[in-house]
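The values are calculated or read from the model by the stated rules, or taken from the named source; none is laboratory data. This one's a predicted model, so the numbers in the text were calculated from it and none came from an experiment. Backbone-built Cβ (ideal geometry, glycine too); neighbour counts: all protein chains shown. Please note that ligands, DNA and RNA were not included when accessible areas were found on the heavy atoms of the full protein model with its side chains. Shrake-Rupley method; radii C 1.70, N 1.55, O 1.52, S 1.80 Å.
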Amino acid sequence: MNTYPTGVITREGIEAVVARMFAAYNRHDAAAVAADHAEDCVVDSPIAGVHMGRLAVERTLRTLFNAFPDLNLVPDELLIFENRAVWTGKAHGTDTGGFMGLPRTGKPFST
């Protein structure tokens, strides 16, 4: 759960949050990924659309993990600017369940 006061997080704190996020993604633990989001967060994803609140984030991740049961994130670089961060990396898996209303392809992907 997000335990940092608004706007106050160290570089080490950001690194710890991102490491937890990658580990939780690769375990397909939607609750653990969502736990680091604020209760009133707004996530705007080019893939999944806009979701508001921690529970919406968790639901969306469960849908993603069901559609791509072997989804794996591979971090490349973490860029930190004050209290903001951007990570780059790769994702790969197989579309066995379809996602966001699209038919499943059964094909592997890598980005």
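In table form, for the structure just shown:
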quantity	calculated
Boolean, residue 50 is open to solvent by 70 Å² or more (accessible area, probe 1.4 Å), of a type in the set (A, V, I, L, M) and over 24 Å from residue 16 (Cβ atoms)	yes
Selection within the stretch 87-104 - more than 19 Å from residue 46 (Cβ to Cβ), at pLDDT 85 or above and open to solvent by less than 80 Å² (accessible area, probe 1.4 Å)	94, 96
Filtered residues of the stretch 64-73 (kept if open to solvent by 30 Å² or more (accessible area, probe 1.4 Å) and within 12 Å of the chain's Cα centre (by Cα))	64, 72
